[in-house]
Amino acid sequence: MHTDASSPAPGPGLKPLFVGSDVYRQPAFGKHHPLSIIRVSGVVDLCRELGWFEADQYRESPRATTEQLCAFHDPDYIAALREADARGSVDKAIRDRYRIGTMENPLFSGVFRRASTAVGGSIHAAHLAMDGRVVFHPSGGTHHGRADRASGFCYFNDPVFAVLTFLGHGLERILYVDLDAHHGDGVQDAFAEDSRVLTVSIHEEKRWPHSGLVEDRAAGGARNLPVPRDFNDSELDFLMERAVLPLARQFEPQALVVTCGVDGLAGDPLSRLALSNVGLWGAVERLVAEYPRAAVLGGGGYNPWTVIRCWSGLWGRLCAHELPAILPRNGQEMLAGLDCDLIDPDEVPEAWVTTLADPPNPGAVRPEVARLPEQVLDQACAA
């Protein structure tokens, strides 16, 4: 565990906290969008069914104010999104300029409230983490959002605000680790000129947004680890041990922000990686064990069964709960009632309904993965 005078070790009473909101129970994104599925509300329901929220562990997410949003986003864009939501329509000029009202970033009732609540939740998570504890905000992780436009299903960029919140508390070294299958381009670019922030992204190569090449270091504060299809648990462990943790130790962060997208899991329809949720849990646990002042966010994930099981299990692991081998009946019924346009019902295995933990998916560390650590470690990180 790495601590300093401004990074207290978690005491025995500092249990992890969960930030959520009922706003995510409202329909969103339109009928056939990849994010129209049940995600975070299912996580909350399953964790409650398992008895995993102790007194005061669940914290309500506030909405970010306009003043808070303006710390990163352009005021004209904020106003345009708010007005489009209020009107329920958007004209071509606004759509073209701000990329809202498109198939990628559709206009739907409550979009401004939902997006600003995600930002408020990540701000709140970082505030709560300042005492040296882990705070889980699975509704966060909208890492593609740009200062002046929507991008990649992301209207605002809440991970940026988690980082800014830590910086606002006077911290000087923030580590951002992105485990989503898609490159965390919006966060990298937001801090490209800021030596106080190191961004590290493990993502599928040759996948949208087609950025994050291994040689891309922004202005020096970014490290990218693009991985091939069928990326497995052993390869993730290898990169954590040989690249991510050495980079972190070199940088000596005072706080950590993790985007734990789950679209890298086997069975996700928008990537071709092959991780188990057990492998992903292990990566997050290794990070927060060394850097306990941490805001752990959600991210991508377009298979509702794998999303809910992964984030629920991650919360259980962060809280040191024993995970059940078989889910209780009510939990199984909830998972059995899910649906997804991108996955045929007959392709849903029984384990996605009855269990939390996937079987591990070990495998060979292929040469293209084995080469990555030396490619990102050949220069010293900014300190």
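The values are calculated or read from the model by the stated rules, or taken from the named source; none is laboratory data. Keep in mind the model is a prediction, meaning the values are calculated, not measured. Using ideal geometry, Cβ is built from the backbone for each residue, glycine included, and neighbour counts are taken over all protein chains shown.
Observations
- Among the residues making up segment 248-257, a single one is out of contact with any Leu (no Cβ under 6 Å at 6 or more places or on another chain) and surrounded by 21 or more Cβ atoms within 10 Å (Cβ to Cβ): Val257.
- Among the residues making up segment 247-303, those that are farther than 20 Å from Gly186 by Cβ, of a type in the set (A, V, I, L, M, F, W, C) and in a loop (DSSP other than H, G, I, E, B) are Ala266, Leu273, Ala274.
- Residue pairs whose Cβ atoms lie under 7 Å apart, sitting 6 or more positions apart in sequence or on different chains, and linking a residue in segment 363-374 that is assigned to a loop (DSSP other than H, G, I, E, B) and β-branched (Val, Ile, Thr) to a partner that is at pLDDT 95 or above and buried (at least 16 other Cβ atoms within 10 Å of the Cβ), are Val365/Ser234; Val365/Glu235; Val365/Phe238.
- With respect to (1) under 20 Å from Ala115 (Cβ atoms); (2) more than 13 Å from the chain's Cα centre (by Cα); (3) acidic (Asp, Glu), the lone exception for Asp180 is condition (2).
- Qualifying residue in segment 305-312 (condition: of a type in the set (Gly, Ala, Ser), buried (at least 23 other Cβ atoms within 10 Å of the Cβ) and under 22 Å from Pro324 (Cα atoms)): yes
- Failed criterion for Gly316 (all others in (1) assigned to a helix (DSSP H, G or I); (2) over 20 Å from Arg133 (Cα atoms) hold): (2)
- Total residues in segment 58-99 satisfying the condition of being assigned to a loop (DSSP other than H, G, I, E, B), in contact with an Asp or Glu (Cβ under 9 Å, 6 or more places away or on another chain) and among the hydrophobic types (A, V, I, L, M, F, W, C): the figure is 2.
- Taking the criterion of being of a type in the set (A, V, I, L, M) and more than 14 Å from Leu179 (Cβ to Cβ), the residues of segment 248-273 that qualify are Ala255, Ala266, Leu270.
- Residue match in segment 23-45 (condition: more than 21 Å from Asp341 (Cβ to Cβ) and assigned to a loop (DSSP other than H, G, I, E, B)): no
- Of all residues in segment 177-202, those satisfying the criterion of being within 20 Å of Leu275 (Cβ to Cβ) and of a type outside the set (D, E, K, R) are Val177, Leu179, Ala181, His182, His183, Gly184, Val200, Ser201, Ile202.
- Test: residue in segment 134-150 that is in contact with a strand residue (DSSP E or B) (Cβ under 8 Å, 6 or more places away or on another chain), modelled with pLDDT of 95 or more, crowded, with 21+ Cβ neighbours inside 10 Å and farther than 27 Å from Trp208 by Cβ: yes
- Residue match in segment 326-338 (condition: assigned to a loop (DSSP other than H, G, I, E, B), at pLDDT 95 or above, surrounded by 13 or more Cβ atoms within 10 Å (Cβ to Cβ) and under 22 Å from the mean Cα position of the chain (by Cα)): yes
- Members of segment 295-333 found to be farther than 12 Å from Thr355 by Cα, touching a Gly at 6+ places or on another chain (Cβ under 7 Å) and among the aliphatic types (A, V, I, L, M), listed by number: Leu297, Val307
- Verdict on Val262 being under 17 Å from Leu175 (Cα atoms), under 16 Å from the mean Cα position of the chain (by Cα) and either at pLDDT below 95 or of a type outside the set (D, E, K, R) (or both): no
- Scanning segment 268-291 for residues that are of a type outside the set (A, V, I, L, M), surrounded by fewer than 23 Cβ atoms within 10 Å (Cβ to Cβ) and more than 16 Å from Asp237 (Cβ to Cβ) turns up Pro269, Arg272.
- Selection count where residues are acidic (Asp, Glu), surrounded by fewer than 18 Cβ atoms within 10 Å (Cβ to Cβ) and within 20 Å of Asp22 (Cβ to Cβ), scope segment 55-93: 2
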